[in-house]
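**Q** Before I ask anything, here is the structure I am working with.
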Amino acid sequence: MKFLCVECDQVMEFSERTVPGDGTMAAVFRCPACAREMALLTNPMETRMVSDLGIRVGGRTVPAEPMELVRSTLETGGDAFAEDPPATPGTVRWSDPARERLQSVPSFVRGMVKRIYGEWAVERGIAEITPELMDRARAELGLEGM
Amino acid sequence: MTRRIRTYREVTDPAGEDVVAQVVAQRGRVDARLARIGRVVLVASGKGGVGKSAVTANLAAALAARGLAVGALDADLHGPSLARMLGARGPLLMGSNGVRPAAGAGGVRVMSMDLLLEADDAPVRWRGETADRGVLERSALRELLADTAWGELDALLVDLPPGTDRIERALELVPEPSVVLVVTTPSVAAGGVVARSLRALATAGAPVGLVANMSHFACPSCGEVEPLWSGDAVEDLARRTGTAVWAGIPFEPALAAETDAGRPPGGSSAGPPSPAGRAIDALAERVAGLPRRPGSGEAADP
C-alpha cells in the first residue's frame, strides 16, 4: 500500500497512528513536499486483518515481542507466561503505585508490558519505576493505552 | 484530459515499503530459528484420528533416548494434545531470546497451544472477530515456531493438524523439510484421503515417508501380532503413489496407555522390547540418519 500526492507526484510518508480502542484505526500520511495530510481509516475487520498478519501500519516503534499476536489475541489464555529471571545484572524495582498501575493492564499482555518498561528503565540506568516514569516511557516508546 | 498518475509499480520510493520490511523480518526470524535445527520432520496426514500425535510423541521420545536434542512443535492449534502426551506443563518462561519451550519426556523441548490455555479443558478461542481465520492461524503458527527459543536441535518434529491444506501451509513455513512423515492406517478409507496428501506433496517435491500406524494388533498376553485390517491398503497406497513405507507400528494397548498418560515409551530402550517399540526405534534410527540441513551446526547446548 502506497499513498501518492497527486499534486506533487511524491510518495506520502507515514506520520502518526491512532488506535481509539473501538477496533478501528486511523493512520495519517503526509506529503513531504507540500505537507498535505490524509488519514487512512480502517474498520474493525480491516484493522484486524492487518493485525493478524503481525503487521503495524506505518512501521514499528518497538521491536516485535515474542508471540505478541498469540498472547494478545488468545482469549482463553491465562497467565501462561512467567518472566524469566534477568540473565544480566541491572534489575529494576517497581514502586507500589507503579505496581498498582500495572495491574490495570490486561493480564495477557502484562508480562510483556512489564518487560518493555523494565528494559527501558535498565537502558537508562533507572533503579525504580514510578507512574511518572511509566508516562515518560509510554511517550518515548509510543505505547498507546499501556 | 486524463491525468497521468504513476502506478504502484512505478512508485519505487522506499517510503511506504515498511510493510514489506516487516514481512521480510518475520521470515528472517523463522529462518534464524531453522538455521540452528539439524532436521525438521513434519508429521502429517490428510486424515484425522490416525495417531499423528502419538507417533510424534513416541518418535520424539525415541530420538531423545538416543541422545539427540529434540524439539516438538504442536501445529494443531485447535486440537492440541502433544504437550499432554509428552508430559509437558506450563507456565512458559519468557526469555530475552524468545519463549522457552516446556520440558517434556526425555527432555524433549515442547511448544503447544496446550501450554497457553488457562485450563486443560479450555477451548482455543480468539478475541474479537477475525476477517480470515486462516491468516490468524498462519501467523500464530509462525510465532510458535519462530518465537520459541529452541536452541540448537538435532531434530524438530512438527505435528500437523489433519488436512492436505495444512500440509501445504506448513511447507510455506518450512519450505525444505528433511522429510514429511505421512501417517495413515491400513483402512481403505484413510488411504484414499491420504493419497490426496501424497499427491500434493509430490507436486511440492517434498521428501515423503509413509508410516502405517495401528498396522497390526500386538496382544499384551501372548505377544502375538495379528492384522487389524483385512487386505494391505498401505502397501497398495505405497505402490500406487511410489512412496516408501518408513514404518509399520502395531497397536499396543500398553504403549497407547503410557502415551495418553504423558509417558511415551518411545522405542524399546525405555522398557522391555515390544513390536511397537521396535518399530518406533527403527523409525527413529531412520530419522536420526537423515542428513543435517545445510548450514545447521551440531547440537551443542541442550
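**Q** Which of (1) at negative phi; (2) touching a helix residue (DSSP H, G or I) at 6+ places or on another chain (Cβ under 9 Å) is the odd one out, the single condition B:Gly98 does not satisfy?
**A** Checking B:Gly98 against (1) at negative phi; (2) touching a helix residue (DSSP H, G or I) at 6+ places or on another chain (Cβ under 9 Å), the one that fails is (1).
**Q** Quick check on my filter: what residues within the stretch A:10-21 are surrounded by 13 or more Cβ atoms within 10 Å (Cβ to Cβ) and either more than 17 Å from A:Gly59 (Cα to Cα) or facing chain B (nearest Cβ under 10 Å) (or both)?
**A** Within the stretch A:10-21, A:Gln10, A:Val11, A:Met12, A:Glu13, A:Phe14 meet the criteria.
**Q** Show me the helices (runs of 4 or more DSSP H) entirely contained within the stretch B:1-86 in which 1 or more residues are among the basic types (Lys, Arg) and within 14 Å of chain A (Cβ to nearest Cβ). Show your work before the answer.
**A** Details: elements: B:18-34, B:52-65, B:82-85.
In the stretch B:1-86, B:18-34 are the helices (runs of 4 or more DSSP H) which contain 1 or more residues that are among the basic types (Lys, Arg) and within 14 Å of chain A (Cβ to nearest Cβ).
**Q** Output the number of residues of the stretch B:213-260 satisfying the condition of being surrounded by 14 or more Cβ atoms within 10 Å (Cβ to Cβ) and in contact with a Phe, Trp or Tyr (Cβ under 9 Å, 6 or more places away or on another chain).
**A** So the answer is 11.
**Q** For the stretch B:120-139, give me the residue count where each residue is part of a loop (DSSP other than H, G, I, E, B) and either on the phi > 0 side of the Ramachandran plot or acidic (Asp, Glu) (or both). Don't jump to the end; show me each part of the working.
**A** Looking only at the stretch B:120-139, we keep the residues that are part of a loop (DSSP other than H, G, I, E, B), and these are B:120-125, B:127-132.
After this cut, where a residue has to be either on the phi > 0 side of the Ramachandran plot or acidic (Asp, Glu) (or both) as well, the list is B:120-121, B:128-129, B:132.
Number satisfying all stated conditions: 5.
**Q** Does B:Leu115 qualify as being within 12 Å of chain A (Cβ to nearest Cβ), crowded, with 21+ Cβ neighbours inside 10 Å, at pLDDT 90 or above and in a helix (DSSP H, G or I)?
**A** Details: within 12 Å of chain A (Cβ to nearest Cβ): yes; crowded, with 21+ Cβ neighbours inside 10 Å: yes; at pLDDT 90 or above: yes; in a helix (DSSP H, G or I): yes.
Against the criterion (within 12 Å of chain A (Cβ to nearest Cβ), crowded, with 21+ Cβ neighbours inside 10 Å, at pLDDT 90 or above and in a helix (DSSP H, G or I)), B:Leu115 qualifies.
**Q** Same structure again: Taking the condition in a helix (DSSP H, G or I), more than 21 Å from the chain's Cα centre (by Cα) and acidic (Asp, Glu), does B:Asp281 pass?
**A** Working: in a helix (DSSP H, G or I): yes; more than 21 Å from the chain's Cα centre (by Cα): no; acidic (Asp, Glu): yes.
Taking the combined requirement at face value, the residue does not satisfy it.
**Q** Among the residues of the stretch B:7-46, write down those that are modelled with pLDDT under 90, over 16 Å from A:Arg60 (Cα atoms) and not small (Gly, Ala, Ser).
**A** B:Thr7, B:Tyr8, B:Arg9, B:Glu10, B:Val11, B:Thr12, B:Asp13
**Q** Please find, among A:Thr24, A:Thr47, A:Thr73, the residue that is surrounded by 14 or more Cβ atoms within 10 Å (Cβ to Cβ), within 17 Å of the chain's Cα centre (by Cα), under 28 Å from B:Ala122 (Cβ atoms) and more than 8 Å from every other protein chain (Cβ to nearest Cβ).
**A** A:Thr47
The values are calculated or read from the model by the stated rules, or taken from the named source; none is laboratory data. Note that the coordinates shown come from a computational prediction; the quantities given were computed from them, not determined experimentally. Glycine gets a Cβ as well: all are built from the backbone with ideal geometry, and neighbour counts include every protein chain shown.
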